[in-house]
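> There's a structure below that I have some questions on.
The values are calculated or read from the model by the stated rules, or taken from the named source; none is laboratory data. All values reported here derive from a predicted model rather than from experimental measurement. Cβ: placed from backbone, ideal geometry, glycine included. Neighbour counts: every protein chain shown.
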Amino acid sequence: MAVTSTAASSSFFDVSRAAHRRARIRASLPTAVPAGFDEINDDIDALPDPELLCAEERAAALAATARLRNRIEAYLTGLAGAADTAGDSRVLGAGTSGSLVAIATGSPVAVGSGMVNTANALHDLPVVKDAWAAGSISGLHVYQILAHAPAI
């Protein structure tokens, strides 16, 4: 028995209008990045092979990499907040700031909105914001602090 498809049938791979819209916006976003990003990328490529490190070097590299990840995550969240404050989503035709962040980062819209909300909430918690930017705490710490801050 042959499997046939009709124009009226729905496909597993049907894509929503919203997804098509986000793809169009993503394709129209600028791709030239400010100075410094290419150097960071090159520096990451130059890191030593983890399998060639001894246990002590790997332990130190784990800690250093976690701090860097925290700093990058804090910077990314700061970018989301700055984009929201400046109204970048309107300039770039992306709708909301959360949508812009989601489109630019390839994340779900809920994640983009969460990043914007986190950035805005950190305006009232400069010590937490600074600790995250320094890499001393992770995004998970920040989310726990923000979740419990109203009760403190």
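> If I go through region 119-152 residue by residue, how many of them are within 16 Å of Arg69 (Cβ to Cβ) and either of a type in the set (Lys, Arg) or touching a helix residue (DSSP H, G or I) at 6+ places or on another chain (Cβ under 6 Å) (or both)?
Total meeting the criteria: 7.
> I've got another one for you. Return the pair list, or none, for Cβ contacts closer than 9 Å from residues in region 22-40 that are on the phi < 0 side of the Ramachandran plot to residues that are hydroxyl-bearing (Ser, Thr, Tyr), at least 6 apart or on different chains.
Once the first residue is on the phi < 0 side of the Ramachandran plot and sits in region 22-40, its partners that are hydroxyl-bearing (Ser, Thr, Tyr) give Arg22/Ser99; Ile25/Ser99.
> Something else about it: Based on what the data block shows, is Ala64 at pLDDT 85 or above, surrounded by 11 or more Cβ atoms within 10 Å (Cβ to Cβ) and part of a helix (DSSP H, G or I)?
So Ala64 passes the test.
> To continue, here is another question. Taking region 102-130 only, how many residues are under 15 Å from Ala23 (Cα atoms) and touching an Asp or Glu at 6+ places or on another chain (Cβ under 8 Å)?
Counting residues in region 102-130 that are under 15 Å from Ala23 (Cα atoms) and touching an Asp or Glu at 6+ places or on another chain (Cβ under 8 Å) gives 0.
> Kindly establish whether Asp88 is exposed (fewer than 12 other Cβ atoms within 10 Å of the Cβ) and more than 24 Å from Leu140 (Cα to Cα).
The answer is no for Asp88.
> Return the residues of region 91-104 that are β-branched (Val, Ile, Thr), surrounded by 15 or more Cβ atoms within 10 Å (Cβ to Cβ), without any contact (Cβ under 8 Å) to a residue 40 or more places away in the chain and assigned to a helix (DSSP H, G or I); say none if nothing qualifies.
Correct list: Val101 only.
> Out of the residues in region 109-152 that are among the hydroxyl-bearing types (Ser, Thr, Tyr) and in a helix (DSSP H, G or I), which is surrounded by the most Cβ atoms within 10 Å (Cβ to Cβ)?
Thr118
> Among the listed residues Ala83, Ala18, Ala27, which satisfies the condition of being in a helix (DSSP H, G or I), at pLDDT 85 or above and either surrounded by 11 or more Cβ atoms within 10 Å (Cβ to Cβ) or of a type outside the set (A, V, I, L, M) (or both)?
Checking each option against the conditions leaves just Ala83.
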